[in-house]
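K.L.:
Have a look at the structure that comes next, please.
The values are calculated or read from the model by the stated rules, or taken from the named source; none is laboratory data. All values derive from a computational prediction rather than experimental measurement. Reconstructed Cβ throughout: ideal geometry from the backbone, glycine too, with neighbour counts over all protein chains shown.
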Amino acid sequence: MKNLFSNIKGDLFGGITAGIVALPLALAFGVSSGLGPSAGLYGAIFISFFAALFGGTSTQISGPTAPMTAVSMVVIAGIIAMNDGVIEKALPAILIIFFLAGLMQVGLGLLGIGKYIRYIPYPVVSGFMTAIGVIILVTQILPAVGYYPKEDTDYVNGFKAQAEEVILENILKEEAAENILVLEDFKETIKRAEKITKDDILKESQTLAKKEASGVLGTLKVIGRALQNINWLELGLALATILIIYGFKRITTVIPSTLVALLIVSGIAYGFKLEYRSIDEIPSGFPMPNLGIFTNFEIGSISPYIFTALTLALLGSIDSLLTSVVADNMTKTKHKPNKELIGQGIGNSIAAIFGGIPGAGATIRTVVNIKAGGKTKLSGMVASIMLLVVMLALAPVASQIPAAVLAGILVTVGIGVMDYKGLKAIPSLPRDIKLGPLKLSSEVLIMLVVLVLSSVWNLVYAVGVGLVIASLMFMKKIGDLTAERSDVKTLSEEKAWADEKNFPQELKEEVFIKHLKGPLFFGSTSEFQQMASQIPNTAEAVIIRMGKMPYMDQSGLYAMEDVLIDLENSNITVLLIDVLKQPKYMMERIDIIPDLIPKEHIFTTFDECLAWVKENVKG
């Protein structure tokens, strides 16, 4: 507690400054997620406070971030569509997933996973971050030009037939659940169908239209209609916001340009009574817990999203720990990764109970905090309290912010979040793989696969595919390197080790020496299995030197067994030298030792083996 208040002045100023920076971003991320600006504010308030209180990075400022919002957007859109387009009906399932993601983060911290997060390949992270930028940029085109698909009458009318089909299907599902669906008698179905109104069909049509036009592909499908129906006022507000954000930075960076743009453009739009579209109303008063996430819990509604919750947990962990590294570099301190994950998880879980979207450590806000004097956890808690005070005091005013202004802010976020370092490196990376006639860089291929799949398919699955491809390519490279170092050669062809220099010349065609270097694992087994076929029938013995083979997995073990059986069938004696602890243990478990290799054929040194060879092999 003493340390908490050791830098009160700096922490107050740092926290307030970070809170000011966080305000417009929290509102924008809330709107982008689909749950509205209040969800973004609630997320920023609770995550910032509790992640700072329980986390392992003293200067970290947490809250909704672009990557977390992009994944959340997918979850929210999918569950709302499953609940007839009604947010209130879908909210318990959405928030319980966010709550589970927070609990998973706590679990990752307790299991000590924090120190392993850094092993995720850079091309996967690079492709994902660039995809986040693409998704945000593309999906903000429609609100930036003032086009909302569910309000386009001609577009919505095209979904009426599908809407009637969905409504009828829902009636049949209700009857089946009530055990009153009888194929021979549809009287009850007809009775319920007659109660369907034009408003019901219109509402369902609007839901389907909104769903069809969501995401990158959905936006591209309707972009032609959007450009034909541009609301020039909305576009002007969005462009003015973007210009001020980039322009004001050239004047000074002391005052956050995002906040300046928000205040100036919103003030002009409101002051001149322009007919703009405002954001959803932000509720006044202290946020109340949404206990419906527990009382209305249904496992069936969230089971398809359990993997997504894990992805949110992992993504939030990566995002936060990367920011922690930046903070360490600036403050010359060292964060506690597992404690940080626990703090982030607690923050996300509590934010979900109060209806907030999930978040993570935010790099820009953390940097602002440090530069403004923040040094302890108090700064992150002050940023949270700052946002809470703004919400309690200015909620009615904030509710008048134009939606196009937040779209403009998000456009700059999308541009800023892309990994330009990775993109610039594309031409210079070595082209180490061939696809038909094309030579490509494996690193670039992984990045592009993740980028494309994340943008047009599914963020969650894209990362999984990227990790699988990266792992396979890594194993292929390691396998090739191991095989290259472990080619079977006669003693005259293979470079002899120092203690092999005096090997009898007359035995060089009868005795072959095999040097095993590096692990024998599933990535190198195919090359190793070629060993038996490369040894001519004139051979009487093979010496396998295993002193530089520290590890053998199950695949390597069985590959070794196959080779030894082949050599035994060819009446070739196998001699092992310096078998290390782990490979020896593996070989003993399936009785390679002593069934295939008797203990008298296992030697500690080459000299011991050479003595046996001179005595038992005739040149």
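Residues checked against (1) modelled with pLDDT of 80 or more; (2) polar (S, T, N, Q); (3) more than 40 Å from the chain's Cα centre (by Cα):
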{"position": "M531", "(1), (2), (3)": "no, no, yes"}
{"position": "K548", "(1), (2), (3)": "yes, no, no"}
{"position": "Y551", "(1), (2), (3)": "yes, no, no"}
{"position": "Q554", "(1), (2), (3)": "yes, yes, no"}
{"position": "L557", "(1), (2), (3)": "yes, no, no"}
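K.L.:
A follow-up question, please. Under 24 Å from G466 (Cβ atoms) and of a type in the set (S, T, N, Q), is that true of T333?
P.N.:
Values: under 24 Å from G466 (Cβ atoms): no; of a type in the set (S, T, N, Q): yes.
Here the answer is no, as T333 does not meet what is asked.
K.L.:
Quick one: count up the residues across the stretch 206-223 that are in a loop (DSSP other than H, G, I, E, B) and more than 17 Å from D154 (Cα to Cα).
P.N.:
Within the stretch 206-223, residues that are in a loop (DSSP other than H, G, I, E, B) and more than 17 Å from D154 (Cα to Cα) number 1.
K.L.:
What number of residues within the stretch 268-282 are surrounded by 12 or more Cβ atoms within 10 Å (Cβ to Cβ) and either more than 32 Å from the chain's Cα centre (by Cα) or hydrophobic (A, V, I, L, M, F, W, C) (or both)? If you could, list the steps in order and put the result at the bottom.
P.N.:
Within the stretch 268-282, the subset surrounded by 12 or more Cβ atoms within 10 Å (Cβ to Cβ) is 268-270, 274, 276-282.
Going one step further and asking which of them are either more than 32 Å from the chain's Cα centre (by Cα) or hydrophobic (A, V, I, L, M, F, W, C) (or both), we end up with 268-270, 274, 276-279, 282.
The qualifying residues number 9.
K.L.:
Those residues that are in contact with a Ser or Thr (Cβ under 7 Å, 6 or more places away or on another chain), part of a loop (DSSP other than H, G, I, E, B) and either within 18 Å of A404 (Cβ to Cβ) or free of Cβ contacts under 8 Å to residues at least 24 places away in the same chain (or both), I need them from the stretch 235-287; list them, please.
P.N.:
Within the stretch 235-287, I279, E281, I282 qualify.
K.L.:
Looking only at helices (runs of 4 or more DSSP H) that lie completely in the stretch 143-205, which have at least 3 residues being more than 30 Å from R277 (Cβ to Cβ) and acidic (D, E)?
P.N.:
Hits in the stretch 143-205: 160-177.
K.L.:
Here's something else I'd like to know. Among the residues of the stretch 568-589 satisfying the criterion of being part of a helix (DSSP H, G or I) and touching a strand residue (DSSP E or B) at 6+ places or on another chain (Cβ under 6 Å), which is surrounded by the fewest Cβ atoms within 10 Å (Cβ to Cβ)?
P.N.:
M586
K.L.:
Can you pull out the residues in the stretch 61-115 that are under 24 Å from T130 (Cβ atoms) and either among the charged types (D, E, K, R) or free of Cβ contacts under 8 Å to residues at least 40 places away in the same chain (or both)?
P.N.:
Answer for the stretch 61-115, where residues must be under 24 Å from T130 (Cβ atoms) and either among the charged types (D, E, K, R) or free of Cβ contacts under 8 Å to residues at least 40 places away in the same chain (or both): there is none.
K.L.:
Still on this structure, I have one more. Right, P594: farther than 22 Å from K614 by Cβ and either surrounded by fewer than 18 Cβ atoms within 10 Å (Cβ to Cβ) or not assigned by TED's automatic domain parsing to the domain that holds F522 (or both) or not?
P.N.:
Values: farther than 22 Å from K614 by Cβ: yes; either surrounded by fewer than 18 Cβ atoms within 10 Å (Cβ to Cβ) or not assigned by TED's automatic domain parsing to the domain that holds F522 (or both): yes.
Answer is yes for this residue.
K.L.:
A follow-up question, please. Within the stretch 538-552, does at least one residue satisfy the condition of being out of contact with any Phe, Trp or Tyr (no Cβ under 8 Å at 6 or more places or on another chain) and under 19 Å from K618 (Cβ atoms)?
P.N.:
Yes, the stretch 538-552 contains at least one residue that is out of contact with any Phe, Trp or Tyr (no Cβ under 8 Å at 6 or more places or on another chain) and under 19 Å from K618 (Cβ atoms).
K.L.:
In this structure, does V397 turn out to be more than 18 Å from S62 (Cα to Cα), surrounded by fewer than 22 Cβ atoms within 10 Å (Cβ to Cβ) and either free of Cβ contacts under 8 Å to residues at least 24 places away in the same chain or among the aromatic types (F, W, Y) (or both)?
P.N.:
yes
Here is a yes/no grid of residues against (1) touching a residue at least 40 places away in the same chain (Cβ under 8 Å); (2) under 37 Å from the mean Cα position of the chain (by Cα); (3) surrounded by 14 or more Cβ atoms within 10 Å (Cβ to Cβ):
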residue	(1), (2), (3)
T153	no, no, no
F159	yes, yes, yes
N170	yes, yes, no
K195	no, no, no
I201	yes, no, yes
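K.L.:
Out of K476, K424, report the one residue that is under 30 Å from A238 (Cα atoms) and surrounded by fewer than 22 Cβ atoms within 10 Å (Cβ to Cβ).
P.N.:
Only one candidate passes the filter, namely K424.
K.L.:
Ok, one more. Name the helices (runs of 4 or more DSSP H) wholly within the stretch 364-470 that hold at least 3 residues that are under 29 Å from L25 (Cα atoms) and at pLDDT 90 or above?
P.N.:
378-398, 403-417, 442-456
Quick grid of which residues meet (1) of a type in the set (D, E, K, R); (2) buried (at least 24 other Cβ atoms within 10 Å of the Cβ); (3) within 23 Å of the chain's Cα centre (by Cα):
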| site | (1), (2), (3) |
| --- | --- |
| K9 | yes, no, no |
| F13 | no, no, no |
| I16 | no, no, no |
| A22 | no, yes, yes |
| S32 | no, yes, yes |
| A39 | no, yes, yes |
| A51 | no, yes, yes |
| I61 | no, yes, yes |
| T69 | no, yes, yes |
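K.L.:
Follow-up question, since we're still on this one. Check G85, G133, G107, G102 and return the single one that is modelled with pLDDT under 90 and assigned to a helix (DSSP H, G or I).
P.N.:
Only one candidate qualifies: G133.
K.L.:
Of a type outside the set (S, T, Y) and part of a loop (DSSP other than H, G, I, E, B): which single residue out of G355, G343 fits that description? Quick ask: steps written out before the conclusion?
P.N.:
On the way: G343 fails: part of a loop (DSSP other than H, G, I, E, B).
Only one candidate passes the filter, namely G355.
K.L.:
Sticking with this structure for a sec: Which residues, counting only those in the stretch 560-582, are more than 22 Å from A539 (Cβ to Cβ) and either among the β-branched types (V, I, T) or in contact with a Pro (Cβ under 8 Å, 6 or more places away or on another chain) (or both)?
P.N.:
L580, Q582
K.L.:
Hey, any hits in the stretch 560-567 for a residue that's of a type in the set (V, I, T), touching a residue at least 12 places away in the same chain (Cβ under 8 Å) and either touching a Ser or Thr at 6+ places or on another chain (Cβ under 6 Å) or in a loop (DSSP other than H, G, I, E, B) (or both)? Even if it seems obvious, please write down each step before you answer.
P.N.:
Quick first cut of the stretch 560-567, residues of a type in the set (V, I, T) only: 563, 565.
Still in the running and touching a residue at least 12 places away in the same chain (Cβ under 8 Å): 563, 565.
Next, only the ones that are either touching a Ser or Thr at 6+ places or on another chain (Cβ under 6 Å) or in a loop (DSSP other than H, G, I, E, B) (or both) stay: none.
Scanning the stretch 560-567 turns up no residue that is of a type in the set (V, I, T), touching a residue at least 12 places away in the same chain (Cβ under 8 Å) and either touching a Ser or Thr at 6+ places or on another chain (Cβ under 6 Å) or in a loop (DSSP other than H, G, I, E, B) (or both).
K.L.:
Shifting gears a bit: Would you be able to tell me the number of residues in the stretch 311-325 that are within 16 Å of N369 (Cβ to Cβ) and buried (at least 19 other Cβ atoms within 10 Å of the Cβ)?
P.N.:
The qualifying residues number 3.
K.L.:
Among the residues of the stretch 486-498 satisfying the criterion of being among the acidic types (D, E) and surrounded by 14 or more Cβ atoms within 10 Å (Cβ to Cβ), which is modelled with the lowest pLDDT?
P.N.:
D487
For (1) under 17 Å from G146 (Cα atoms); (2) modelled with pLDDT of 85 or more; (3) of a type in the set (S, T, N, Q), each residue gets a yes or a no:
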position: D185; (1), (2), (3): no, no, no
position: T189; (1), (2), (3): no, no, yes
position: S205; (1), (2), (3): no, yes, yes
position: L208; (1), (2), (3): no, yes, no
position: T219; (1), (2), (3): yes, yes, yes
position: L227; (1), (2), (3): yes, yes, no
position: L239; (1), (2), (3): yes, yes, no
